[in-house]
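*Asks:* Provided herewith is a single structure, encoded as structure tokens, for subsequent inquiry.
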Amino acid sequence: MLVHGDLYRGNGRLADRTHALHRAKISGSDVADTITDLLATRVPPGAAVLDIGCGRGTTTLRLANRLRPRQLVAVDASTALLDTTRDRLGHASARGSMICADFHHLPLPDKVADAAVAAFCLYHSPTPAGAIAEIARCLRPGGTAVLVTKSLDSYAELDHLVHAAGLDPHATSRPSLYESFHSGNLHTIAATNLTVLDVQHEEHVFHFADATHLARYLTTTPKYRITLTGGIPALAAALQQRLAPSPYTTRSTVSYAVAVRP
Ligand SMILES: C[S@@+](CC[C@H](N)C(=O)[O-])C[C@H]1O[C@@H](n2cnc3c(N)ncnc32)[C@H](O)[C@@H]1O
């Protein structure tokens, strides 16, 4: 099973996870669109924009296309994911620079950015307030941050399915992946270094159409300890034999804070 340090070493796991989730989504707005909508009303054309924890660059690309920034900087701790982001920007003829760094220590000057995004990454930090302090330092006074995370109970229905299938007896008692930074503490943690203007929550619903689709997603999650060998086919067979027929439905609340540097 994956441990945290391995999670983003390559780009395959995140691509598989994102693909499985996107295929399953039956309700909920496109997150990259929502982020750019939130920023578009506040950020002038020609701004300097940071995408912190950019991953595969889905949001970075949307920011490049919609906001037309003068400077776009994508930051991530994974060189593999920065390579993917660079390629995707290049294929779209969009410009941006990549920085490999830990978001607790951004190698950027003070007050350099008009806007910053940190989507689905700060929950990887045991001290997200420290990372937000760094983001605030890099924003000019009045600059805007959009911070995005998920609810503590995200995908809890899958914990019950994994438990019921006998694949991980502790699936329902394992800590949430979003423990340190989630919908419930987003406002409080963001407010330690920024002035929070608004927090929005939206429920996303996912329908995994069959056991193979669910198995594809489960193999990408670091939450469970599934010892079954044989990869996705074996996992899909076990799910099919041991659970009621699909579809398998699960939910997550996605939360957005819009905040400014005072
Ligand atoms: C789930 S992905 C989110 C990617 C993207 N923001 C999105 O919304 O699709 C989390 C990203 O955070 C990055 N990350 C995790 N801890 C980090 C840290 N301490 N410093 C910089 N990046 C980090 C990972 O490498 C990964 O690319």
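The values are calculated or read from the model by the stated rules, or taken from the named source; none is laboratory data. Please read these numbers as outputs of a predicted model, since none were measured by experiment. Cβ sites come from the backbone with ideal geometry, for glycine too, and all protein chains shown count toward neighbours. The area values use the complete protein model at the heavy-atom level, side chains included, leaving out ligands, DNA and RNA. Shrake-Rupley method; radii C 1.70, N 1.55, O 1.52, S 1.80 Å.
*Asks:* Report the gain in length on full extension from residue 100 to residue 23: 0.36 nm times residue separation, minus Cα-Cα distance, nm rounded to one decimal.
*Replies:* Once the chain is fully extended between residue 100 and residue 23, it gains 24.7 nm.
*Asks:* Angle, helix 12-24 long axis vs. longest principal axis of the chain, Cα atoms, 0 to 90°, nearest 10?
*Replies:* 80
*Asks:* May I ask for the net charge around residue 97, where only other residues with Cβ less than 15 Å from the Cβ of residue 97 are counted and Lys, Arg are +1 while Asp, Glu are -1?
*Replies:* Working: positive: 70, 86, 88, 95; negative: 51, 76, 83, 87.
Neighbourhood net charge equals 0.
*Asks:* If you line up the long axis of helix 31-40 against the longest principal axis of the chain, both from Cα atoms, how many degrees apart are they, to the nearest 10?
*Replies:* 20
*Asks:* Now a separate question. If you take the beta carbon distance between residue 197 and residue 170 as r and set R0 to 45 Å, what does 1/(1 + (r/R0)^6) give as a FRET efficiency, to the nearest 0.05?
*Replies:* The computed FRET efficiency comes out at 0.65.
*Asks:* Only sites in a loop by DSSP and with at most 11 other Cβ atoms within 10 Å count here; which GluC sites (Glu not before Pro) in the range 158-248 make the cut?
*Replies:* 179
*Asks:* Something else about it: Just the ratio, please: alpha-carbon radius of gyration of the chain over 2.2 N^0.38 Å, N its number of residues.
*Replies:* Values: Rg = 18.7 Å, N = 262, 2.2 N^0.38 = 18.3 Å.
This ratio for the chain stands at 1.03.
*Asks:* Now for a separate question. Using unit Cβ charges (K, R positive; D, E negative) and no other charged atoms, how large, in debye to the nearest 20, is the dipole of the chain about its Cα centre?
*Replies:* With only Lys, Arg, Asp and Glu charged at Cβ, the dipole is about 460 debye.
*Asks:* Okay, next question. From the protein chains alone at 1.4 Å, what is the descending order of accessible area for 177, 197, 21, largest first?
*Replies:* The most accessible residue leads, giving 197, 177, 21.
*Asks:* Using a Gaussian network model on the chain with a 10 Å cutoff between Cα atoms, which of 64, 238, 118 fluctuates the most?
*Replies:* Of the options given, 238 has the highest mean-square fluctuation.
*Asks:* While we're on this one: Net charge around residue 165, counting only other residues with Cβ within less than 14 Å of its Cβ (Lys, Arg = +1; Asp, Glu = -1)?
*Replies:* -1
*Asks:* What nm distance separates the two modelled labels at residue 83 and residue 140, each placed 7 Å from Cα along Cα→Cβ?
*Replies:* 3.6
*Asks:* Taking every DSSP beta bridge with both residues inside the chain, roughly what % is antiparallel (nearest 5)?
*Replies:* Close to 55 percent.
*Asks:* Might you tell me the accessible area per residue for the chain, computed with a 1.4 Å probe and given in Å²?
*Replies:* Value returned for the chain: 44 Å² of accessible area per residue.
*Asks:* For the full complex of protein chains and a 1.4 angstrom probe, list 100, 121 by accessible area with the highest value first.
*Replies:* Solvent-accessible surface, decreasing: 100, 121.
*Asks:* I've got another one for you. Please list, in order along the range 249-262, the HN-Hα scalar couplings obtained from phi with the Karplus expression 6.51 cos²θ - 1.76 cosθ + 1.60 (θ = phi - 60°), rounded to whole Hz, x for Gly and Pro.
*Replies:* Coupling constants for the range 249-262: 10, 8, 9, 8, 8, 9, 10, 10, 10, 9, 9, 10, 7, x Hz.
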